[in-house]
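For reference, the structure discussed in these notes is given below.
Derivation of every value follows stated rules applied to the coordinates shown; laboratory data play no part. Owing to the predicted nature of the structure, the values given are computational and were not obtained by experimental measurement. Using ideal geometry, Cβ is built from the backbone for each residue, glycine included, and neighbour counts are taken over all protein chains shown.
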Amino acid sequence: MDSYEKFNLKEVINASGRMTILGVSKVSNNVLAAQKFGGEHFFEMSELSIQTGAYLAKLLHVEDAQVVASASAGIAQSVAALIGKGSLYHAYHPYTSSITKREIVMPKGHNVDYGTPVEVMVTQGGGQVVEAGYANMCSPEHLEMMITEQTAALLYIKSHHTVQKSMLTVEEAAEVANRHQLPLIVDAAAEEDLFKYIEAGASLVIYSGAKAIEGPSAGLVIGKKDYINWIRLQGKGIGRAMKIGKDNILGFTQAVEDYVRNGSEDGESMKSRLAPFIRELDEIPNVTAKMVQDGAGRDIYRASVQISGPKSAKEVIKELKEENPAIYTREYQANNGIIEFDIRSVNQAEMKKIVARLSEIMNEKF
Ligand SMILES: *Cc1c(COP(=O)(O)O)cnc(C)c1O
């Protein structure tokens, strides 16, 4: 009996992309093996944390690295670290009024909700968000004018969730930080490039374990050695509520290594996996299927399916989710009668199930 059956859950086919509400991504056998070793053995945990960090730091050409429970935990602990600066008193009294240098300056257009507001994580770390610029713009001058004696760090969120136009770059934020001798935290949770934000001058960069890296539930903070040490100290304080297990530390470290070595699936591979899927979709009545590239121009290809009645695309999307397996698609174009299938986390057997279910829906008699 598998867990779907045991707990009376629907099998989910995720053709929507990397979605936290569906569990984000699947892990490879290589990663599972590392998790299994972690689950079956004991470790000196502080050494496990330091040595996996050192291993990742070497791989990523940074001073140091720390595996944490999630990118969100990475934000909270980075903020706490840069406020406490290695003080054990602070780790034990993270919200003490005797420490007043707590302001975290960030572009207003970056103060987004990615599932939880960025501000909640900053506050959890003891920081006070100070917004710079306006809803639709933030220049280096806007950022700089909000810096005071109470500023502990600058924060930059690199994400499709944020306002994109008229925003300063990471390089520009780093220049401002340097001029004021302040650390710059970059939250790059879902980004694919593990090198470029450190190269752009960030002091700490944060990634989410299960997004681009396709690891188990985890997060990664890379950057300056002192700051990473201060983050480790949070394990005696707020970090304890964000503890990560030995199985996921090892599984995630393996996932980063595999990701750096192999990258993610490239567009050519997606195209060749998509071709037969699209041919089969296209044979379903009232369905016209074609291949489209990601709207933001990334090297991602998807099946775009035009529904030409009698059901609307919205009805079809709803019906795809209703049965077992529940099939989740990209719904952004539903108003135009289009359903998109993202196959990054879909294997061949699942594509067969999608074709079968969609033909069932389109062939139903009224
Ligand atoms: C997903 C995301 C996070 C949180 O990542 P978790 O690992 O789920 O905590 C933080 N910031 C941004 C911009 C994200 O997209």
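DSSP finds beta bridges in the chain, and of those with both partners inside it, around 55 percent are antiparallel. Excluding residue 336 itself, calculate the net charge of residues whose Cβ lies under 14 Å from the Cβ of residue 336, where each Lys or Arg counts +1 and each Asp or Glu counts -1. Every neighbour counted, the sum reads +1. The charge dipole of the range 272-366, taken about the Cα centre with unit charges on the Cβ atoms of Lys, Arg (+1) and Asp, Glu (-1), comes to about 120 debye, rounded to the nearest 20. For the range 95-104, 3J(HN,Hα) computed residue by residue from phi via the Karplus equation (6.51, -1.76, 1.60; θ = phi - 60°) reads 10, 4, 7, 6, 10, 10, 7, 10, 6, 10 Hz, glycine and proline entered as x. Pairs of Lys residues in the range 182-288 are counted when their Cα atoms are under 24 angstrom apart and they lie 8 or more places apart or on different chains; the count is 14. Note on the range 80-137: dipole from Cβ charges, positive end direction compared against 104, 128, 81; the farthest Cα belongs to 81.
Across 299, 258, 187, mean-square fluctuation computed from a Gaussian network of the chain (C-alpha pairs under 10 Å connected) peaks at 299. Taking each DSSP H run with n ≥ 4 as -39500 (n - 2.57) and averaging over every residue of the chain yields -12000 deg cm²/dmol at 222 nm. Looking at the range 1-96, the GluC sites (Glu not before Pro) that sit in a DSSP loop and have at most 11 other Cβ atoms within 10 Å of their own Cβ are 44. Overall form of the range 317-366: oblate. Here a/c, set by the Cα gyration tensor axes a ≥ b ≥ c, is 1.5 or more, and a/b is not larger than b/c.
Here the chain is assigned +1 on the Cβ of each Lys and Arg and -1 on the Cβ of each Asp and Glu. Its dipole about the Cα centre then comes out at about 480 debye. Placing unit charges on the Cβ atoms only, positive for Lys and Arg and negative for Asp and Glu, gives the range 310-366 a dipole magnitude near 60 debye about its Cα centre.
Applying both filters, DSSP loop and at most 13 other Cβ atoms within 10 Å, to the GluC sites (Glu not before Pro) of the range 279-318 gives 283. Here are some pairs, 58/108; 26/290; 165/314; 36/158; which of them have Cα atoms lying more than 28 Å apart in this structure? Beyond 28 Å between Cα atoms: 58/108; 165/314; 36/158.
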